[in-house]
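See below for the structure under consideration.
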Amino acid sequence: MIDVVIIGSGIAGLSAALEAKAKGKSVVVVTKKYPTQSQSSMAQGGINASLDPNDTIQAHIQDTLRSSQELADEKVVEYVCNEAPNAIEWLDSIGTPFSRKENKIALRRLGGAKAPRACYAQDYTGLKILHTLYDNCLKEGVDFLHEKFLLNVIVEDDVAKGVTLLDLRTSQVEQLLAKAVVLATGGFGKVYGSFSTNGFGTYGEGLAAAMRAGARLSDLEFVQFHPTSLAKSAILISEAARGAGAKLIDSKGDRFCDELATRDEIARAIWQKLESGEKVFLDMRELGEEFIERELPQERKLAIIYEGVDPVKEPLPIRPAAHYTMGGIDVDIDGKTSIKALFACGECANAKLHGANRLGGNSLLETVVLGKRTGGTAAVVENEVAQKEYERTKIDSDFIKAVFGLPNRIDFMERQEFLSKLLYNNVGIIREELAMKGVLSVIRQHQRELAFMGIRDKSPLYNTELVQFIEYGNIVELAEAMVVVAIQRNESRGAHYRKDYPEQNDTYKAHSIVWKEDGVLCADFLPIENGS
């Protein structure tokens, strides 16, 4: 019997795997692709830790709480910020190639921070950490299952017993049983389609599976839009550029905001410029070619390839794009969900670290600190798991067979593209009730039409269209939950900005909660008590 199965091979999943393995447990990491293709590899700017002599852990805590707009759990924030220097020391000790200055790990300042606090590896920070963790997992004997897509969590008597998986090579459904299940599947930012910095695949299958299993999700309305993505492709241009002195300018060449304000403030300022018919640019020219090649080489390459602009010579056209989902599977500081033996960590989870608006550099920190803690907690779970075929496995097998027989009268890919545009324009940076209710109506229409959609490719071998159809089902399920709570939160707070309710309202100093009962979506608010 496997002790711990981890779904997802990003930084959170691999950190959890190493911690569980260090406790002597058998660990299997399940990936739908391969670990080095994880979304974590796209993180650029850095990982926060108070290492500068002029910085303090208390300042890191206060910056995080201020950015959260009163929705962060103070105990979680204090724990993560206090553990940050230890996390960097650990990453350094296992071989992460951080950039260095004067034989010390280099630091840069990101938006919302009062001091340079982000440890980095050029502008490949997530990639370098991910590769280091993967190398160490292989060295420690962590087992991997590749090309397996999560379908559902197996739950019996309100206890997780394992997961059902779609084998991408054969389209067969398999069950994988374990004493503890850890979901580390990433966020759901790609529901915004081409208006997201996320790579293909971040459609929230972990969140959707957890909700179907009976777990609670929280704070889904808080979606962070990164201010600077390339105008044509939505590829991220790191906040590190602005931290180094790059300027935001409009069509006239004028600056119009504080480049190191929080991401929600900058994104709204840019959006308003774009809505007025102007273009917005990131001007990196003053940084100089030598600095850009040394500190931001990836940014330059991406700009030349995807925008046709060399930032050394001319300003980069940019626009905000969906980047990070603060909400997720509702968990405590140990990664425990509302279902026994089911855990979650990383972007798919909501441990209340980020609240209404994430501080730049804290996401990588969360994946390491809370990833390790979750792995350690999952490792000590005692859970009797019967060796049998569970009902969930049969249901999912029947579903996959049924998909091949659907009539395919409606093109789900066209529906998905249409929905992503609706979400970006109406449940994006600036929102209002009437428009969001219109989007909710469309989502529910799409749900009713699922039985009339299907796939053209009938081959069971590497059927990518089958996977896309399942992902689309997850999209409409999560989009409904996100829009419902966005409509119900009648205030502006952090990344959730309501044009019809532009002020913050203490009535909504609360976490939104969604769950399903007999397949029906339910939602409520849980007031915050004692700063948690």
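We did not get these values from a lab; they are worked out from the coordinates using the rules stated. Worth saying up front: this structure is predicted, and the values here are computed from it rather than measured. Quick reminder, even Gly has a Cβ in these numbers, built from the backbone with ideal geometry, and neighbours come from all protein chains shown.
Data table
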item: Ranked LYS279, LYS104, criterion: other C-beta atoms within 10 Å, fewest first; result: LYS104, LYS279
item: Under 17 Å from LYS252, Cα to Cα: aspartates and glutamates that are on another chain or at least 8 residues apart; result: GLU275, GLU278, ASP283, GLU314
item: Alpha-carbon radius of gyration plus Dmax, which is the widest Cα pair, for the range 227-320 in Å; result: 12.0, 36
item: Taking ARG456, ARG319 and counting other C-beta atoms within 10 Å, the order from fewest to most; result: ARG456, ARG319
item: For volume of the Cα convex hull per residue in Å³, calculated from these coordinates, the label among [x] 140; [y] 180; [z] 158; result: [x]
item: Positive-end residue of PRO53, ALA246, VAL485, charge dipole of the chain with Cβ unit charges; result: ALA246
item: Relative contact order (%) - criterion: Cα under 8 Å, at least six apart; region: the chain; result: 21
item: Protection-proxy order for peptides 146-158, 27-39, 297-309, 344-356, each taking the mean of Cβ atoms within 10 Å per residue, highest first; result: 344-356, 27-39, 146-158, 297-309
item: Sum of -39500 (n - 2.57) over DSSP H runs of 4+, divided by residues of the chain (222 nm, nearest 500); result: -11000 deg cm²/dmol
item: Around LYS279: net Lys/Arg minus Asp/Glu count, Cβ-Cβ under 11 Å; result: +1
item: FRET efficiency, ARG255 to LEU138 (Cβ-Cβ, R0 51 Å, nearest 0.05); result: 0.60
item: Cα gyration tensor shape for the range 391-506, rounded if a/c is under 1.5, else prolate or oblate; result: prolate
item: Charge dipole (debye, nearest 20) of the chain; +1 at Cβ of Lys and Arg, -1 at Cβ of Asp and Glu; result: 700
item: For the range 98-176 versus the range 426-490, the gap between their alpha-carbon centres in whole angstrom; result: 26
item: Pairwise Lys count, the range 391-506 - Cα closer than 28 Å, eight or more residues apart or different chains; result: 5
item: Cα centroid separation, the range 316-363 to the range 1-66 (Å); result: 12
item: Which listed pairs, of LYS23/LYS179; LYS32/LYS340; LYS33/LYS190; LYS161/LYS388; LYS190/LYS301, have C-alpha distances above 19 Å, in listed order; result: LYS32/LYS340; LYS190/LYS301
item: Order by protection proxy (mean Cβ within 10 Å, highest first), peptides 267-274, 368-375; result: 368-375, 267-274
item: Highest to lowest packing among 237-247, 215-225, scored as the average C-beta count within 10 Å; result: 215-225, 237-247
item: Global form of the range 371-435, assessed from the alpha-carbon gyration tensor, a/c cut-off 1.5; result: oblate
item: Hits among aspartates and glutamates - C-alpha to C-alpha of LYS75 under 16 Å, sequence gap 8 or more where chains match; result: ASP63, GLU83, ASP330, ASP332, ASP334, GLU366, GLU529
